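The values are calculated or read from the model by the stated rules, or taken from the named source; none is laboratory data. Just so it is clear, the model here is predicted, and its values are computed rather than measured. In this analysis, Cβ positions are derived from the backbone assuming ideal geometry, glycine residues included, and neighbour counts consider all displayed protein chains. Accessible surface areas use protein heavy atoms only, side chains included; no ligands, DNA or RNA. Shrake-Rupley method; radii C 1.70, N 1.55, O 1.52, S 1.80 Å.
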Amino acid sequence: MSMKKFCRTIALSCAAAWMAAQPLAALAAPLFPGGYEPSTGVSLDGMWSYVDDGTGEVFLSCKDKTITHAEVPEQINGITITTIEQDCFLENTQLESVVLPKTITHINDWAFSGCTSLKSINLPNGLEAIDWQAFHGCSSLEEITIPASVNQIEKFIFEGCTSMKAVNVSDGNKHYVDVDGVLFTADMATLMFYPPAKEGTSYTVPEGCTRIEDWAFIGNTSLETIDLSNVAEIGEDAFYHCTSLKTITIPETVTVLEPRTFGNCMALESIQLSPMLDEIGEHCFYNCLALKEIQIPGRVDTIGDSAFLNCPELRRITLYDAVKNIGDHAIGFYVDAETQKYQLAPDFEVETDKNTAAHQYCSTYGVKCTAGITQSSVFLTVIIVIIVLVIGATIALIIIQKRIQKRYELR
């Protein structure tokens with residue numbers, strides 16, 4: 001949420017509280033900068049109220065939290081409504097359909113959040129902005145169309161829309177586009193949202209798309225594989241709770257895995273990390289119940305808190321001396337279901353060298369550690385053993401040759 005929006009929200013809340021507590025005649029002093037006195041009103045049927053803050057926006061609130069079919073008025077008492085206020089229909093679990101007038105240009109934060117029965121809503125041509133989590137938790141909404149006029153879509157507006165199959169964008173929109181119901185920026189450089197209920201078990205990110213936005217695939221229950229070949233950036237929570245995802249390859253262009261990228265991907269069995277990876281964020285692979293093996297690239301220097309927490313099938317990780325920062329309970333732990341306390345994972349072992357951050361982590365937390373028997377040290381040991389054997393064989397050969405020569409001379 002921007003500072004401007006935060007300040008505006010605080011101002012409106014204070015104004016509403018003040019006006020509720022004071023008689024109308026007592027509002028002699030201006031409440032907003034510039035000498036402007038906000039105006040408020042209520043519709044004749046008592047269902048709607050508004051606040052005009054003098055900025056050109058008139059904020060609508062719904063006073064009936066049990067309404068099932070809402071037809072938002074274009075005007076109240078001659079005042080044109082432009083904005084669906086923050087929390088306007090918040091957690092109205094009976095709301096099934098909404099019709100918005102053409103005057104609406106702005107839908108505020110959480111405007112329809114928690115409207116679990118909402119199945120139909122028209123976004124009017126003229127709408128310009130949809131704010132933070134505006135449709136959060138609208139679990140019955142299957143499809144929505146973004147008008148050509150929309151120029152601002154904030155993050156997470158469709159989080160928790162578990163039935164969403166497609167986000168369509170009207171022709172002529174200069175800022176956003178959809179490809180088969182998947183939402184992108186107009187230049188196709190960023191994939192913003194992949195609908196959780198979209199059919200299909202595999203998906204290939206289109207060529208030219210280099211960024212996966214935060215929470216883009218969150219909650220998808222169908223995808224088993226995703227081709228990220230063209231991607232350079234993956235946002236936090238990008239694949240969180242993708243419960244069918246089984247395998248994925250992170251391309252060389254990706255250097256950071258943000259927090260919770262693959263958290264709660266309970267079916268994830270294998271993942272090939274980018275050899276150029278530098279950082280694994282906190283809770284990155286949290287609760288990956290099926291993950292049995294993962295190769296940490298040799299240049300990774302940071303592993304965040306609880307990065308591999310609750311990975312019961314993961315029995316061994318090799319960490320190299322490039323790792324300098326390991327967060328709390330990052331590896332080798334699970335959370336006990338009854339006590340909700342951290343417990344050491346049984347039969348888990350870290351392969352690392354002595355005098356490394358990984359060795360120190362194991363010593364601090366009591367995680368089993370090979371302390372020197374890593375792949376690199378094993379290789380070195382094998383080379384040394386081979387050299388010793390060669391030298392020993394050479395010496396033995398020389399001794400045998402001398403004995404044979406001596407016997408020949410005695411004859």
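If you take the beta carbon distance between LEU44 and THR185 as r and set R0 to 45 Å, what does 1/(1 + (r/R0)^6) give as a FRET efficiency, to the nearest 0.05? Calculated transfer efficiency: 0.55. Which residue fluctuates most in the GNM of the chain (Cα springs below 10 Å): LEU228, LEU100, LEU141? Its mean-square fluctuation being the largest, the pick is LEU100. Hydrophobic long helices, here whole DSSP H runs in the chain with Kyte-Doolittle means of at least 1.0 and Cα atoms spread over 15 Å or more along the helix axis, are found at 375-410.
Among the GluC sites (Glu not before Pro) within region 132-230, which fall in a DSSP loop and have no more than 12 other Cβ atoms within 10 Å of their own Cβ? For GluC sites (Glu not before Pro) across region 132-230 that sit outside H, G, I, E and B with at most 12 neighbouring Cβ atoms in 10 Å, the list reads GLU199, GLU207.
Inter-label distance, THR93 to ASN230: 4.3 nm, where each label sits 7 Å from its Cα along the C-beta direction. Just to confirm, what accessible area per residue do you get for the chain at 1.4 Å probe, in whole Å²? Result: 50 Å² of accessible area for each residue. Cα centroid separation, region 226-268 to region 151-200: 18 Å. Largest GNM mean-square fluctuation among GLY126, GLY366, GLY392, using the chain with Cα springs under 10 Å: GLY392.
What is the percent carbon and sulfur in the accessible area of the chain, measuring with a 1.4 Å probe over the protein chains and ignoring ligands? Looking at the chain in its full context, I get 54 percent from C and S.
Of all the options HIS241, HIS359, HIS69, the one that moves most in a Gaussian network model of the chain with Cα springs shorter than 10 angstrom is HIS69.
Ellipticity at 222 nm from helices only: DSSP H runs of n ≥ 4 in the chain, each -39500 (n - 2.57), divided by the residue count, give -5500 deg cm²/dmol.
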